[in-house]
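The values are calculated or read from the model by the stated rules, or taken from the named source; none is laboratory data. All of these numbers come straight from a predicted model, not from anything done at the bench. Cβ atoms come from the backbone with ideal geometry, glycine included; neighbour counts cover every protein chain shown.
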Amino acid sequence: MLVIRRKSAEVRAGIIGTGFIAQVHARAARQAGAQLMGVAGTSVERARQAGEAMGAERAFGSADELIESGLLDVLHICTPNHLHAPLTLKALAAGVAVICEKPLATDAQSAALMAGRAEEAGLVGTVPFVYRFHAMVREARARIAEIGRVSLVQGSYLQDWLLEPADDNWRVDPELGGPGRAIGDIGSHWCDLAEFVTGDRIVTVNAQTAVVIADRATNAPVLTEDVATIQFRTASGALGSVVVSQVAPGRKNRLFLEISGTSGSLAFDQENPEHLWLGGRSGSRALQRDPLTLSEAARPYSPLPAGHPQGFHDCFNAFVADSYAAIQGDHRDGLPTFEDGARAAVITDAVLESARTGGWVAC
Ligand SMILES: NC(=O)c1ccc[n+]([C@@H]2O[C@H](COP(=O)([O-])OP(=O)(O)OC[C@H]3O[C@@H](n4cnc5c(N)ncnc54)[C@H](O)[C@@H]3O)[C@@H](O)[C@H]2O)c1
């Protein structure tokens with residue numbers, strides 16, 4: 001008989017939140033070999049119910065009790081956005097590393113404070129910009145030099161889950177979700193991905209926002225945008241634009257990014273993540289995810305053979321595994337940190353200011 005030993009330096013994790021993304025974090029934490037020490041929600045009963053499904057060892061009556069339990073190496077913060085900053089600061093003060101959901105904070109100043117505190121404390125802080133963990137995103141990033149000088153970066157992030165007046169959520173309330181809703185919730189993912197793949201920076205933005213559904217069940221009048229259009233210029237001089245909507249019928253979670261250069265194009269569609277479109281004047285093709293042919297950078301994020309589709313859970317699993325590796329001193333390329341979360345918050349603030357003033361705003 002062989003005794004299989006678990007790693008002695010097993011990460012001890014806690015999760016605050018019991019909703020959609022908390023379940024995804026719990027699965028990824030278990031997959032990465034963590035011990036799930038505890039869960040906290042809005043009540044101990046909710047934490048107990050959710051904790052059972054998540055495979056957690058204990059249910060806590062409040063976030064503070066979990067943070068102060070002394071049981072954690074890392075805290076996953078999966079709550080509404082307004083709690084990200086205060087809970088992160090408490091956890092860092094208690095010496096606990098943090099994986100905090102996006103948007104990192106509801107304003108750029110708080111996000112910068114969080115990044116600064118993590119740095120001062122010497123603790124890992126990461127943000128689940130998980131689309132970075134699609135193998136074909138890594139492939140696009142590895143091939144960016146092949147398309148020549150980038151001239152245009154464009155795309156969209158479209159959803160329809162808030163299409164009807166009856167559709168409502170804490171995200172719609174600026175007190176809970178922040179002053180920018182579609183921009184902070186999904187626009188932040190797109191901007192992070194565009195900068196990650198190109199290695200370039202958005203330096204100035206001009207944006208418009210609109211509320212399409214003026215009254216919802218509990219939020220009336222609605223104060224945060226359903227749609228946004230953003231034009232931008234990058235540090236290298238490329239032009240760009242992105243359209244963001246949470247009321248686009250038929251679009252569920254369509255993050256689309258296309259980059260045109262002087263000798264080729266690259267396009268990635270989050271809902272069709274097994275392919276990367278390689279555009280060329282004399283011919284184009286869809287490159288299939290296949291660990292046998294992918295670049296070295298993409299291969300670690302392609303654990304399954306070609307034709308066995310990977311998806312959102314795989315991205316999350318890889319992100320959490322890389323976050324834990326960083327906590328254990330192994331910093332892997334492409335890990336989205338609090339610095340990246342703070343960067344996205346600067347862009348969000350600039351977009352909101354531009355939408356308010358009508359002018360171009362630096363970011
Ligand atoms: N990275 C991604 O791709 C991704 C995807 C979805 C959501 N998110 C982010 O995750 C966060 C949560 O989103 P969701 O979709 O899971 O929302 P949700 O509404 O499904 O869950 C929110 C959870 O927070 C809990 N909560 C609220 N107040 C609390 C408090 N005071 N103490 C403890 N728990 C409390 C609620 O009980 C609920 O379980 C948001 O910041 C969102 O932007 C990220």
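Can you tell me which of Ala91, Ala108 is buried (at least 24 other Cβ atoms within 10 Å of the Cβ), modelled with pLDDT of 95 or more and not β-branched (Val, Ile, Thr)?
Ala91 is the lone residue from the list that is buried (at least 24 other Cβ atoms within 10 Å of the Cβ), modelled with pLDDT of 95 or more and not β-branched (Val, Ile, Thr).
Only residues that are among the aliphatic types (A, V, I, L, M) and over 19 Å from the mean Cα position of the chain (by Cα): list them for segment 231-266, please.
Ala235, Ala238, Leu239, Val247, Ala248, Ile259, Leu266
Which of (1) touching a residue at least 12 places away in the same chain (Cβ under 8 Å); (2) under 23 Å from Ile21 (Cβ atoms) does Ala238 not meet, given it meets every other one?
Every condition holds for Ala238 apart from (2).
Looking for something surrounded by fewer than 24 Cβ atoms within 10 Å (Cβ to Cβ), within 19 Å of Thr348 (Cβ to Cβ) and within 14 Å of the ligand (Cβ to nearest atom) - is there at least one such residue anywhere in segment 137-160?
Looking through segment 137-160, at least one residue is surrounded by fewer than 24 Cβ atoms within 10 Å (Cβ to Cβ), within 19 Å of Thr348 (Cβ to Cβ) and within 14 Å of the ligand (Cβ to nearest atom).
Do any residues in segment 25-38 that are in a loop (DSSP other than H, G, I, E, B) have Cβ atoms under 6 Å from those of residues that are at pLDDT 95 or above, where the two are at least six apart or on different chains, and which pairs are they?
Ala32/Val320; Ala32/Ala321; Ala32/Tyr324; Ala34/Val11; Ala34/Ala13
With respect to Ser241, determine if the residue is of a type in the set (Ser, Thr, Tyr), surrounded by fewer than 21 Cβ atoms within 10 Å (Cβ to Cβ), in a loop (DSSP other than H, G, I, E, B) and assigned by TED's automatic domain parsing to the domain that holds Ser188.
No, not satisfied.
So which strands (runs of 3 or more DSSP E) are wholly in segment 74-189 and hold at least 3 residues that are outside the structural domain of Glu258 (by TED's automatic domain parsing) and in contact (Cβ under 8 Å) with a residue 12 or more places away in the chain?
74-77, 97-100
For residues that are more than 20 Å from Gly311 (Cβ to Cβ) and more than 11 Å from the ligand (Cβ to nearest atom), tally how many sit in segment 6-43.
Count: 15.
Filter segment 301-327 down to the residues that are in a helix (DSSP H, G or I) and among the small types (Gly, Ala, Ser), then identify the one that is nearest to Arg289 (Cα to Cα).
Per the stated criteria, the residue is Ala318.
What are the residues in segment 68-89 that are farther than 17 Å from Thr126 by Cβ and within 12 Å of the ligand (Cβ to nearest atom), if any?
Within segment 68-89, Pro80, His82, Leu83, Pro86 qualify.
Listed residues Asn206, Asn219; which is crowded, with 18+ Cβ neighbours inside 10 Å, out of contact with any strand residue (DSSP E or B) (no Cβ under 9 Å at 6 or more places or on another chain) and not in a helix (DSSP H, G or I)?
None of the others qualify; the one that does is Asn219.
Looking at Ser302, Ser295 in this structure, which one is among the polar types (S, T, N, Q), over 12 Å from Pro128 (Cα atoms) and surrounded by 18 or more Cβ atoms within 10 Å (Cβ to Cβ)?
Selected residue: Ser302, the only one of Ser302, Ser295 that is among the polar types (S, T, N, Q), over 12 Å from Pro128 (Cα atoms) and surrounded by 18 or more Cβ atoms within 10 Å (Cβ to Cβ).
Exactly one of (1) surrounded by fewer than 24 Cβ atoms within 10 Å (Cβ to Cβ); (2) of a type in the set (A, V, I, L, M); (3) touching a helix residue (DSSP H, G or I) at 6+ places or on another chain (Cβ under 7 Å) is unmet by Val127. Its number?
Tallying (1) surrounded by fewer than 24 Cβ atoms within 10 Å (Cβ to Cβ); (2) of a type in the set (A, V, I, L, M); (3) touching a helix residue (DSSP H, G or I) at 6+ places or on another chain (Cβ under 7 Å), Val127 fails exactly one: (1).
Could you figure out which of (1) surrounded by fewer than 23 Cβ atoms within 10 Å (Cβ to Cβ); (2) at pLDDT 95 or above; (3) within 17 Å of Val98 (Cα to Cα) isn't true of Ala13?
Failing condition for Ala13: (1).
Can you go through Ala115, Ala121 and tell me which one is in contact with a helix residue (DSSP H, G or I) (Cβ under 8 Å, 6 or more places away or on another chain), over 17 Å from Asp314 (Cα atoms) and surrounded by fewer than 20 Cβ atoms within 10 Å (Cβ to Cβ)?
Ala121
Filter segment 44-61 down to the residues that are more than 14 Å from the ligand (Cβ to nearest atom) and not in a helix (DSSP H, G or I) and list them by number.
Correct list: Gly55, Glu57, Arg58.
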